[in-house]
Amino acid sequence: PEFIQEFRKRAKIEPKNAELKRFHGLDRAKGYGLRSIRIQAKLTALAVNLKRIAKLISASKGLSSFILRFLFCRVQINLPDGLWVAARAA
């Protein structure tokens, strides 16, 4: 039973990881060192998330549009040293 629960979690994540690898360049490092690879992975994830958000917004109507506008009026900015600051989007 424990294996099945863990596998269900993994089954949800694996297609997303495969997309990052196959279509967005995470199969090969573009730089040297862990820092460079971390930056590449974060930028790739950001690009994929922005594509998904754009798709949701373009297809949204009614309540889902309201929810998306509510979420995007409160933006969090990641500052150095792991600090987070909430800012209102204009």
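Derivation of every value follows stated rules applied to the coordinates shown; laboratory data play no part. What you see is a predicted model; the values in this text were computed from it and never measured. Positions of Cβ are backbone-derived with ideal geometry, glycine not excepted, and every protein chain shown enters the neighbour counts.
Observations on the structure shown:
- Charged neighbours of L50, selected by a Cβ distance under 15 Å, balance to +4 (K, R count +1; D, E count -1).
- Distance in nm between pseudo-label sites at I4 and L46 (7 Å out along the Cβ direction from Cα): 4.2 nm
- Segment D27-I57, length gained on full extension (0.36 nm per residue, minus Cα span): 7.9 nm
- Net charge, E19 excluded, C-beta distance under 11 Å - Lys, Arg +1, Asp, Glu -1: +4
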